[in-house]
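Working notes, beginning with the structure itself.
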Amino acid sequence: MHYYLVPGTLAYTGHQLCSLWAYKNFGLLGDSIVAFRGPCSIDWDEMVDVEDVLDRSPIYGPDMLHFIVEHFSIDLDQMICRQRLFMALIGEQLTRDGHRVERQGDDLYISGRKLSISIATASPVSVLMHVGLNLVSEGTPVPAVGLWELGYREEALGELAARFAEAYRAELAGMARARCKVRGVS
């Protein structure tokens with residue numbers, strides 16, 4: 001699985017959640033996880049979560065750490081499982097750093113304040129997920145917490161992103177190994 005950290009900043013608008021985005025923009029052919037920093041503001045017509053559209057719940061964050069993950073050999077149910085796995089792994093990493101993280105479905109909370117946004121969807125050729133972690137909480141439409149408030153440093157953001165991505169990649173590699181090392185039973 002390819003991993004790439006986009007240099008600089010890139011605004012997440014929802015249009016990045018489309019098939020082959022990582023390939024077209026960064027040459028990553030196949031399963032990939034792309035991390036980038038930037039604001040998040042999603043127009044209603046770009047929202048994938050129809051519940052948010054019907055509820056008129058805006059999705060906005062002034063500064064976030066984003067991940068776009070794309071897989072080509074699984075279905076949407078499996079991607080939703082992987083989405084929740086990725087969120088649990090991020091929560092584990094933050095817990096190791098001394099934070100009390102609660103996962104509710106595909107979202108992470110600290111002291112009742114929301115740290116993340118997340119969605120999984122399907123395209124005609126792949127399945128995708130977007131995960132966004134608040135860096136700051138000011139200006140968010142819900143009570144939120146940001147990674148800066150938790151003590152993470154801006155200059156170490158790339159290392160933190162790589163740590164989260166590597167935990168996901170390692171878990172998938174371990175799952176593949178577990179699948180290949182067992183014999184069938186009758």
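The values are calculated or read from the model by the stated rules, or taken from the named source; none is laboratory data. Everything numeric here is computed off the predicted structure, so don't read it as measured data. Using ideal geometry, Cβ is built from the backbone for each residue, glycine included, and neighbour counts are taken over all protein chains shown. Accessible surface areas use protein heavy atoms only, side chains included; no ligands, DNA or RNA. Shrake-Rupley method; radii C 1.70, N 1.55, O 1.52, S 1.80 Å.
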Within segment 146-162, residues closer than 15 Å to L94 by Cα, within 19 Å of the chain's Cα centre (by Cα) and of a type in the set (D, E, K, R) come out as E159
Answer yes or no: is there a residue in segment 92-107 that is among the basic types (K, R), assigned to a loop (DSSP other than H, G, I, E, B) and open to solvent by 40 Å² or more (accessible area, probe 1.4 Å). yes
What's the total number of residues in segment 108-145 that are within 14 Å of the chain's Cα centre (by Cα), under 27 Å from Y23 (Cα atoms) and either among the acidic types (D, E) or not in a strand (DSSP E or B) (or both)? 1
Inside segment 9-57, can you point out the residues that are closer than 17 Å to N134 by Cα, modelled with pLDDT of 95 or more and of a type in the set (G, A, S)? A11, A35, G38
Can you tell me which residue is farthest from L108 (Cα to Cα) among those in segment 25-65 that are assigned to a strand (DSSP E or B) and in contact with a helix residue (DSSP H, G or I) (Cβ under 9 Å, 6 or more places away or on another chain)? S32
Looking at segment 140-165, I want the residues that are aromatic (F, W, Y) and have a partner that is part of a loop (DSSP other than H, G, I, E, B) with Cβ atoms under 8 Å, at least 6 apart or on another chain. Which pairs are those? W148/L135; W148/V136
Would you check which residues across segment 47-62 are open to solvent by 30 Å² or more (accessible area, probe 1.4 Å) and within 17 Å of the chain's Cα centre (by Cα) and list them? V48, D49, I59, Y60, P62
Under the condition of being under 18 Å from the mean Cα position of the chain (by Cα) and either open to solvent by less than 40 Å² (accessible area, probe 1.4 Å) or modelled with pLDDT under 95 (or both), which residue from segment 163-186 is nearest to L85 (Cα to Cα)? Y168
